[in-house]
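Working notes, structure below.
Please treat every number below as a calculation from the coordinates, not as lab data. Predicted, not measured: the structure shown is a model, and the values here were computed from it. In this analysis, Cβ positions are derived from the backbone assuming ideal geometry, glycine residues included, and neighbour counts consider all displayed protein chains.
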């Protein structure tokens, strides 16, 4: 048996005692159509909280008998751990507007989620809103236990002032191919314009590959997930291209090996960052920002990236699921999605994003590149043991790519073997 993380073991151990220790779940048949007061959880992002409170107020104005209370997700090391603990205790809100797709398999194992596909219009509503991208969010049984809500497609944000200082064209940066990106990075650093060309976190957190490896792998592979059909996909030509590219950045000190105690792009220490549209508002008063797609070996068009998506899930402790489902559709309606886009700059998972809200993208042209990228995004695979799988990959990446303590080829090969073992251990859901 391969070693699992302590967190995963704790979840599995506690999941089996959830019914005995926590509040029992309501009868699903009764709850499915029940309407009445509910509580929903929002993330602690100030802009999302502002939108959420306004959305709930609009609902409550016209539904006095189905009052909704909005709260922020309880404090915890991560929101995923806080939600997991609430499932065990039977104290989850009806809806959580910040569910990580990577955590959905764990929440399912805890019997904590309601299948949205079981509502008569569940599948139809989700797929009509999100289009072909929604297939990535189905679970092993073919059902939706999450509604794909909003994406933050990862792109390259760069500081135009630093590019100009380095003698580079800030309006037409050469970043499309690995060769161009590396040469531009060398110019930025060797000219003294910036300490680092790019400065992703080198930490070993399981989710860090989503902001260095995974966007590049999605682009280079033409939209593959880390795991498909129960098999790792990264020990491949595409994966080797990506690891060699990032290893060169670290080896030549174009990307530092130490963590930066702050925001390196905002502070002018790094010239570029791999981030989503949420960052635009954070930088616009301090940095003259440019946006470019994630590079590929040959600079090919139609490139993918990582979605950095968050979903909305309904939890099995919810007694008034009829109200919860109606509210979920209200909160993801065209009107509310437009309000969310305006308030946060994050991309609702809609097929008609740019055509539905032309006024926003005319007034805020920086966001248009993200909206176009949002049509070509890759999600984390919906597999059991997801956190352990990503942690295994991250450990191999840190050792080989960041610090060069072993070859990238052997690291990919060994990580693929170890992750295959984890898939078998947890049970391949495909």
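Report the label-to-label distance for residue 414 and residue 169 in nanometres (one decimal), using points 7 Å from each Cα along the Cα→Cβ vector.
4.5 nm
Hey, what angle do you get for helix 237-251 against the long axis of the chain, alpha-carbon based, 0 to 90 degrees rounded to 10?
60 degrees
Can you give me the Cα centroid spacing of the range 270-336 and the range 231-250 in angstrom?
Taking the Cα centre of each part, the range 270-336 and the range 231-250 sit 25 Å apart.
Once Kirkwood radius over Cα pairs in Å is worked out from the coordinates, which option in [x] 27.1; [y] 21.7; [z] 22.5 does it equal?
Only one option fits the structure, namely [z].
Please figure out what share of the DSSP beta bridges in the chain is antiparallel and state it in percent, rounded to the nearest 5.
Values: 20 of 33 bridges.
Of the beta bridges lying entirely in the chain, close to 60 percent run antiparallel.
On a 0 to 90° scale, report how tilted helix 46-62 is relative to the longest principal axis of the chain, with both axes built from alpha carbons and the result rounded to the nearest 10.
Between helix and principal axis, roughly 30 degrees.
Mind jotting down the distance between the C-alpha centroids of the range 389-410 and the range 50-76, whole Å?
Between the Cα centres of the range 50-76 and the range 389-410 lies a distance of 44 Å.
Distance in nm between label sites at residue 267 and residue 121, each 7 Å beyond Cα in the beta-carbon direction?
Placing both labels 7 Å beyond Cα along the Cβ direction yields 5.0 nm.
For a quick check: sort 330, 315 by the number of other beta carbons within 10 angstrom, fewest at the front.
330, 315
Simple spin-label model, 7 Å along Cα-to-Cβ: residue 372 to residue 286 in nm?
Label-label distance for residue 372 and residue 286, simple model: 2.9 nm.
Residue 24 to residue 75: FRET efficiency via 1/(1 + (r/R0)^6), r the Cβ-Cβ distance, R0 22 Å, to the nearest 0.05? Provide the component values of the computation, followed by the final result.
Numbers: r = 26 Å, r/R0 = 1.16.
It comes to 0.30.
Order the peptides 333-342, 86-95 from the highest to the lowest mean number of other Cβ atoms within 10 Å of their residues.
Most protected by this proxy first, the peptides run 86-95, 333-342.
Go through 306-312, 274-280 and give me the packing order, highest mean Cβ count within 10 Å leading.
Final packing ranking: 306-312, 274-280.
Taking the chain as the reference, fit the longest principal axis to its C-alpha atoms, fit the long axis of helix 178-190 to the helix C-alpha atoms, and give the angle between the two in degrees, 0 to 90, nearest 10.
70 degrees
As a footprinting exposure proxy, order 104, 154, 189 by other Cβ within 10 Å, with the fewest listed first. Please report the intermediate quantities before stating the final value.
On the way: 104 24, 154 28, 189 21.
Listing 104, 154, 189 from fewest to most nearby Cβ atoms yields 189, 104, 154.
By the gyration tensor of its Cα atoms, with a ≥ b ≥ c the square roots of the eigenvalues, what is the shape of the range 170-312: rounded for a/c under 1.5, prolate for a/b over b/c, or oblate?
On the way: a/c = 1.56, a/b = 1.35, b/c = 1.15.
Prolate, since a/c reaches 1.5 and a/b exceeds b/c.
Per-residue ellipticity at 222 nm for the chain, helices alone: DSSP H runs ≥ 4 residues times -39500 (n - 2.57), over residue total, nearest 500 deg cm²/dmol?
Here the helix-only value at 222 nm equals -12000 deg cm²/dmol.
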